[in-house]
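Here's the structure, in structure tokens; my notes come after.
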Amino acid sequence: MALSARFCRWRWYLLAAVVSMLLVVASLVATLPLRETDKTMAARSLVAWIVEGRSVPGFGEDYPDAQHMPKKKRFFVVCDFVPAEVSLSDDPRVHRITVQEYDEVFRQNRFDDADYMFIEMNSESASELVVQFSNVFGGLAGHGYRFEFRRTVWGLRTSGKFLWVS
């Protein structure tokens, strides 16, 4: 009898704890509609991953050649799905270029302390943005990834897949 009386007394606390845990799990899994600014945030997070060594929210992997990035004097970024007037980094070494400008920029700079990032949109839906990302900083030095960005209650989250290395 004493056990059932204790259970009756504590059942509301137990129920509240279980409901709270379910709400936390649901908030991590639930996907919300993307905002217009999420494209810019996604591109900025990828540039910061390379230039500043910051982690991409939800991805958790460091860039494999992060130790080489601080030495670079110039980072050229091709990203056509974010308007050209929008800055992708506050770092003065980062310069946005178009696909059409790439050949001329590469001819002038080669890999002399220069890094080239390409951020291309694969697909976009109301709840997911999928981009191909490549970072090349030498004739045989570069990496390619596929990133999926989704908005959750806690902000923009990313899952990524390593595709290639040169």
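The values are calculated or read from the model by the stated rules, or taken from the named source; none is laboratory data. Note that the coordinates shown come from a computational prediction; the quantities given were computed from them, not determined experimentally. For neighbour counting, all protein chains shown are included, and Cβ atoms are generated from backbone atoms with ideal geometry for every residue, glycine included. When the accessible area is computed, the model is the full protein with side chains, heavy atoms only, and any ligands, DNA or RNA have been set aside. Shrake-Rupley method; radii C 1.70, N 1.55, O 1.52, S 1.80 Å.
Restricting to region 100-120, what's the tally of residues that are polar (S, T, N, Q) and in contact (Cβ under 8 Å) with a residue 12 or more places away in the chain? Even if it seems obvious, please write down each step before you answer.
Residues of region 100-120 polar (S, T, N, Q): 100, 108-109.
Those still in the list that are in contact (Cβ under 8 Å) with a residue 12 or more places away in the chain too: 109.
Adding up the residues that qualify gives 1.
Quick one: is Glu104 of a type in the set (Asp, Glu), out of contact with any Gly (no Cβ under 8 Å at 6 or more places or on another chain) and under 27 Å from Pro33 (Cα atoms)?
Numbers: of a type in the set (Asp, Glu): yes; out of contact with any Gly (no Cβ under 8 Å at 6 or more places or on another chain): yes; under 27 Å from Pro33 (Cα atoms): no.
Spelling it out, it is not the case that Glu104 is of a type in the set (Asp, Glu), out of contact with any Gly (no Cβ under 8 Å at 6 or more places or on another chain) and under 27 Å from Pro33 (Cα atoms).
Quick check on my filter: what residues within region 113-153 are aromatic (Phe, Trp, Tyr) and in contact with a Ser or Thr (Cβ under 7 Å, 6 or more places away or on another chain)?
First, pick out the residues of region 113-153 that are aromatic (Phe, Trp, Tyr): 116, 118, 133, 137, 145, 147, 149.
Those that are aromatic (Phe, Trp, Tyr) and in contact with a Ser or Thr (Cβ under 7 Å, 6 or more places away or on another chain): Phe118, Phe147, Phe149.
Are there any pairs, at least 6 apart or on different chains, whose C-beta atoms fall under 9 Å, with the first in region 51-70 and farther than 20 Å from Glu148 by Cα and the second of a type in the set (Phe, Trp, Tyr) and not in a loop (DSSP other than H, G, I, E, B), and if so, which?
So the pair list comes out as Val51/Phe75; Asp65/Phe137; Ala66/Trp49; His68/Phe137; Met69/Phe75; Met69/Phe137.
Looking at region 121-137, I want the residues that are more than 19 Å from Thr152 (Cβ to Cβ) and open to solvent by 60 Å² or more (accessible area, probe 1.4 Å) and have a partner that is of a type in the set (Phe, Trp, Tyr) and at pLDDT 95 or above with Cβ atoms under 7 Å, at least 6 apart or on another chain. Which pairs are those?
Met121/Phe81
So is Val94 in contact (Cβ under 8 Å) with a residue 24 or more places away in the chain, of a type in the set (Val, Ile, Thr), surrounded by 10 or more Cβ atoms within 10 Å (Cβ to Cβ) and more than 24 Å from Arg151 (Cα to Cα) or not?
On the way: in contact (Cβ under 8 Å) with a residue 24 or more places away in the chain: yes; of a type in the set (Val, Ile, Thr): yes; surrounded by 10 or more Cβ atoms within 10 Å (Cβ to Cβ): yes; more than 24 Å from Arg151 (Cα to Cα): yes.
In short, yes.
Which one of these does Asp115 not meet: (1) in contact with a Phe, Trp or Tyr (Cβ under 8 Å, 6 or more places away or on another chain); (2) open to solvent by 50 Å² or more (accessible area, probe 1.4 Å)?
Single failed check for Asp115: (2).
Within region 73-83, can one find any residue that is open to solvent by 60 Å² or more (accessible area, probe 1.4 Å), more than 20 Å from the chain's Cα centre (by Cα) and within 21 Å of His143 (Cα to Cα)?
Initial filter on region 73-83 (open to solvent by 60 Å² or more (accessible area, probe 1.4 Å)): 73-74, 80, 83.
Still in the list and also more than 20 Å from the chain's Cα centre (by Cα): 73-74.
If we keep only those that are within 21 Å of His143 (Cα to Cα) too, we end up with 73-74.
For region 73-83, residues open to solvent by 60 Å² or more (accessible area, probe 1.4 Å), more than 20 Å from the chain's Cα centre (by Cα) and within 21 Å of His143 (Cα to Cα): present.
Name the residue that is modelled with the lowest pLDDT, counting only residues in region 142-155 that are open to solvent by 20 Å² or more (accessible area, probe 1.4 Å) and part of a strand (DSSP E or B).
Arg150
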